[in-house]
Amino acid sequence: MDEIEPPKLSDESGWYVEHTALLYSTLKWALLGICAGVSVGLGTRVFLLALKWSTAEIDQTFHGPLPAYYLLPLALPLCVYMIRTFAPTAKGHGTEAIIAAVHENYGKVDWRVAPVKLAATVLTLAFGGSVGKEGPCAQIGAAITSLFADIMKLSDEDRRRLVICGISGGFAAVFGTPVSGALFGIEVLYLGRIEYQVLFPCLISGIAAHLVCGNVAPSPFVAEPIGHLGQTTLAFLAIALGALCGMLALLFIEMMRAFERQLKRFSAHPYAVAACGGLALALVYALTGTSSAGLGLPTIDAALYGIVPGLAVAFALKMLTTAISLETGGSGGIITPLFYIGATFGAVFAHLFHLPVGVFAAFGFIALPAAAANTPIAFSVMAMAILPPSVGVYAALCACTAYLLVGHRSVYASQKLGFVKSAGLSIELGGAVGDVSRRHMRVHTGSATHRILNLRKRKYTMKRND
């Protein structure tokens with residue numbers, strides 16, 4: 001029997017059609033990614049310069065017996081006024097609204113969000129609000145790219161993809177880590193799904209934004225060595241801390257949701273709520289100090305270099321002040337506070353068990369935002385970029401553990417549910433993570449989870465009968 005030879009490439013009819021389309025698409029999205037990255041990088045640079053200038057001016061003006069945070073009862077209502085008047089979608093930590101816009105409105109974002117978000121966040125941080133700086137950069141990036149898409153008359157789907165590039169560019173620019181920033185933009189949209197069709201332009205956008213912004217990534221953290229710990233021991237400890245970070249992230253998410261539910265009763269009085277929030281923050285700072293105010297970068301750096309925070313409950317204070325700041329009217333991001341909470345919690349964990357403080361502070365620094373935002377890949381890549389190789393791989397392990405243990409929750413309630421984290425559970429996919437509740441979950445009959453729950457139920461019944 002004669003062997004059939006496979007057709008040669010040159011013999012295939014129209015073989016060049018596929019590669020012509022791919023070449024055109026690659027060039028198109030390379031150019032769009034560069035345009036998005038440059039514009040977002042410039043916007044982020046303006047924001048960071050404004051933040052630096054305003055913070056220095058406020059510190060110089062209020063360096064006496066009257067700290068700047070005493071004016072928070074006035075600053076937060078002013079933030080509420082600016083946002084309600086000019087750009088209502090700039091409320092809160094910003095990224096939440098952008099995720100919703102990508103899912104529900106093809107990324108259509110009002111261009112006024114960019115200047116309003118910039119001004120409101122600068123005002124919040126300058127006077128001591130406990131928020132981050134990445135949310136505004138993502139929202140500024142999304143607003144700029146949405147406006148650019150309208151000017152270029154791009155299709156709805158192209159605008160949606162370009163806005164995702166804006167989110168990636170904003171995160172990449174503000175953190176100085178282009179790859180992890182780009183990955184965050186495409187991973188944060190779904191729990192358990194990545195939009196690979198936007199990976200290339202997001203990387204282009206992230207690199208361009210990083211270069212234009214000029215915000216250099218921090219040098220590798222963790223000054224102290226691992227010490228006497230073996231590799232196996234370190235892996236088990238990373239898993240243990242990851243489990244605790246997952247539960248802490250869950251607690252923080254539920255705290256944010258509880259604040260939101262309770263404050264809805266006073267939605268008719270937003271300025272009074274903001275003033276009370278500012279007063280509560282000023283009281284907390286007056287009683288406990290200002291280490292949890294603003295970005296909290298000195299405390300994060302100290303923990304990563306092996307210094308246990310002065311207050312053992314520093315992470316709990318940051319959770320409280322962040323929830324108050326964001327839910328009562330402050331404007332800013334949420335990832336930087338999560339860095340603070342994770343680093344200080346990891347430092348306390350290490351101190352309690354006589355472990356290297358800087359190492360486990362770095363584990364918490366990576367794991368807590370990975371869990372709270374359901375973005376383990378982005379933060380694992382960040383760990384490998386900013387941590388020594390001997391520590392980064394275990395930080396990634398810690399992050400993945402925390403991501404699983406936080407469950408189907410997220411600080412971004414508009415994230416879409418892309419997969420279920422346990423084979424023993426059944427949840428309808430495609431809905432928003434914020435809508436998932438216990439009544440939506442089902443346990444698969446015959447699964448290990450089902451058998452464990454039945455065994456527990458039988459033991460409880462026997463105990464009651466006895």
* Is there any pair with a first residue in region 128-149 that is on the phi > 0 side of the Ramachandran plot and a second that is part of a helix (DSSP H, G or I) and among the aromatic types (Phe, Trp, Tyr) whose Cβ atoms are under 7 Å apart and which are 6 or more apart or on different chains, and what are they? -> Gly128/Tyr69; Gly128/Tyr285
* To do: Consider only pairs whose beta carbons are under 9 Å apart and that are at least six residues apart or on different chains; among these, list those whose first residue lies in region 48-72 and is on the phi > 0 side of the Ramachandran plot and without any contact (Cβ under 8 Å) to a residue 40 or more places away in the chain and whose second residue is crowded, with 18+ Cβ neighbours inside 10 Å and part of a helix (DSSP H, G or I).
  => none
* Given the conditions (1) touching a Pro at 6+ places or on another chain (Cβ under 8 Å); (2) surrounded by fewer than 18 Cβ atoms within 10 Å (Cβ to Cβ), which single one is not true for Leu283? -> (1)
* Structure fact -> Residues of region 278-312 being at pLDDT 90 or above and over 22 Å from Asp59 (Cβ atoms), in sequence order, are Ala280, Ala303
* So, of the residues in region 425-443 that are touching a strand residue (DSSP E or B) at 6+ places or on another chain (Cβ under 6 Å) and surrounded by 14 or more Cβ atoms within 10 Å (Cβ to Cβ), which turns out to be modelled with the lowest pLDDT? -> Met441
* **So Leu49, is it crowded, with 18+ Cβ neighbours inside 10 Å and either over 30 Å from Leu287 (Cβ atoms) or touching a Phe, Trp or Tyr at 6+ places or on another chain (Cβ under 8 Å) (or both)** => no
* Positions within region 277-297 being without any contact (Cβ under 8 Å) to a residue 60 or more places away in the chain and either within 23 Å of Gly135 (Cβ to Cβ) or of a type in the set (D, E, K, R) (or both), in sequence order -> Ala280, Val284, Ser291, Leu297
* Asked: Does Val284 qualify as being farther than 25 Å from Arg261 by Cβ and of a type in the set (A, V, I, L, M, F, W, C)?
  -> no
* Would you pick out the residues in region 174-184 that are in contact with a Ser or Thr (Cβ under 8 Å, 6 or more places away or on another chain) and either over 14 Å from Ile335 (Cβ atoms) or at pLDDT 90 or above (or both)? -> Ala182, Leu183, Phe184
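The values are calculated or read from the model by the stated rules, or taken from the named source; none is laboratory data. What you see is a predicted model; the values in this text were computed from it and never measured. Ideal geometry is used to build each Cβ from the backbone, glycine not excepted, and the neighbour counts take in all protein chains shown.
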